[in-house]
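The values are calculated or read from the model by the stated rules, or taken from the named source; none is laboratory data. Worth saying up front: this structure is predicted, and the values here are computed from it rather than measured. Here the Cβ positions follow ideal geometry from the backbone for every residue, glycine too, while neighbour counts run over all protein chains shown. For the accessible areas, the whole protein counts, side chains as well, though only heavy atoms, and no ligand, DNA or RNA atoms are used. Shrake-Rupley method; radii C 1.70, N 1.55, O 1.52, S 1.80 Å.
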Amino acid sequence: MTINELIRKKREGAVLSPEELHFIISGYVGGTIPDYQMSAFLMATFFRGMSSEETYAFTQLMLHSGEVVDLSFIPGKKVDKHSTGGVGDKISLPLAPIVAACGVPVPMISGRGLGHTGGTLDKLEAIPGFNTALSIEEYKNVIAEIGVVMIGQTKEIAPADKKMYALRDVTATVECIPLIAGSIMSKKLAEGIDALVLDIKTGRGAFMPTYEQAVELAQALVGIGNRFGKETIGFITDMSQPLGYAIGNWNEIMESVDCLRGKNIPDIMELTYVLGGAMVMLGQPKADQLSAEKKASSLKEGIERCKNAVKSGAAYEKFVRMVKRQGGDISFIEHPEKYLSSKFSRTVAAQESGYVTTIDALELGLTSVQLGAGRMKVDDVIDPKAGILLAKKTGDAVKKEEPLATFFTDNKSIVDSAAERIAKAFTIGNIPPQRSPLILSIVDKNGVKPFAMS
Ligand code: URA
């Protein structure tokens, strides 16, 4: 077997065997296959795809390129959530402590911001002192003690993905369903979970802009999860406008804290409660033995339990314990006025009266990267204070000169261009737009169904 031969096979559209995929992945991790040949293989895969058997074998090989954490010493079903990424998507921050407060352990390994989308790790690191680089031993200790832990991918977790992902990022091979599925699921399956809830985004601000692509990705992810014996449910959700009002790392921490303290920001809380409800339902000891109807009502029950965890203050308390345990300085959460302010800020106002008909999430995500909230190059340093606070959401009435958004940055040279981009990201019309659902579909082992809370 040679790598040239396997690249050619994939280029011609052949299905590779598990042995052939093993040769490629182990060769790449071990350093016998260089980046240039791996890049060619990835590009061939980008155009030719993988069969579901190949995607399964690929995921398995990526998973076993590193350690698979064993959390069986912790009682109960461990459940995590993964989002394919969006703008203002801070859902993991309120969600994980809420679900943990319901008694379901949440071991979460998250990623950094990618392109125009934010990453949970960058948000957590906006809290002074918060350590996302725990060893596997510490990761196990924190989840055992508190019931929730949030860290980044360590060198032990799916190292093949870590190396391959960096290469995909610079070779335009990210947006490929089997590669995304293998990448996401190898990391999630390595965490020690028993079940998984997925939030697959669609719309302008998502990596899968069309609904059809999102369904295809959801089916690949859910199929792999279930095949590995982890009950997996996916939700296809809208990412055409940012989630909530805050974009940028510290802004999003503070918005999440507000939600954990009981503030109802409708889109954030709707999504948090549905994803959380599903996690609590999957975390039930005998969930698999319940009938379909009972499971549906369990989602409702799960949602109710999540709501109670916020109302009682238990979810916020969990969050505080986790932040303290991972080295974060809680005084900044309790006294946000202590946090350094950006050197420059500007408010963008409406040029006309009417209704906000669309807010371009992609454009706001790209602008917030430019402000300093994300990276343009891998080694860029994030400015945690940078970002955008929306004053209006889609459907809101607005008067001429009323604020649409305020942004924050330390980079004076981009203030004028950012103001222009943000103004253009809002469309204002004469009639209110039709309300479209935030949660579009649910995908499980039985297929894809429109989502409805009955
Ligand atoms: N997130 C991942 O972890 N991997 C991908 O390939 C895309 C998004």
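Overview of results
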read-out	value
Ranking by accessible area, most exposed first, for H335, H82 with a 1.4 Å probe	H335, H82
Per-pair calculated FRET efficiency, R0 = 51 Å: E12 and K393 via Cβ, rounded to 0.05	0.55
For region 3-49: accessible area per residue (Å², 1.4 Å)	52
Exposure of S83 as accessible area (Å², to 10), given a probe of 1.4 Å and all protein chains	20
Projected-area average for region 1-114 over all orientations - Cα convex hull basis, square nanometres	9.5
Share of carbon and sulfur in the accessible heavy-atom surface of region 343-429 [1.4 Å probe, %]	53
DSSP-loop trypsin sites (Lys or Arg not before Pro) across region 412-454, with at most 10 other Cβ within 10 angstrom	R435
Å³ per residue enclosed by the Cα convex hull of region 3-49	60
Packing-based order for 28-36, 357-365, 238-246, 85-93, using average beta carbon neighbours within 10 Å, highest first	85-93, 238-246, 357-365, 28-36
Inter-label distance, nm, simple model (7 Å from Cα along the C-beta direction), S135/D416	5.4
Heavy-atom accessible area per residue - region 389-454, 1.4 Å, Å²	60
Sequence-distant residues sharing a close amide H with S110 (under 5 Å, placed H)	I151, G152, Q153
Value of Rg to Rh for region 350-452 (Rh from inverse mean 1/r over Cα pairs, i.e. Kirkwood)	1.09
Cα Rg, Dmax (largest Cα-Cα span) when computed across the chain, Å	21.7, 68
For region 158-203, accessible area per residue (1.4 Å probe, heavy atoms of protein chains only), Å²	21
Helix-only [θ]222 nm of the chain, DSSP H runs n ≥ 4, -39500 (n - 2.57) each, per residue, nearest 500	-13500 deg cm²/dmol
Estimated distance in nm for a label pair at E19 and N264, the labels positioned 7 Å out from Cα along Cα-to-Cβ	6.2
Percent accessible area from carbon and sulfur atoms, region 101-202, protein chains only, probe 1.4 Å	53
Region 185-305: C-alpha gyration tensor shape, a/c 1.5 cut-off, then a/b vs b/c	oblate
Label-point gap, in nm, between V170 and K377 - each point 7 angstrom along Cα→Cβ	1.0
Computed FRET value (nearest 0.05) for H335 with F47, which takes r as the C-beta separation and R₀ as 35 Å	0.05
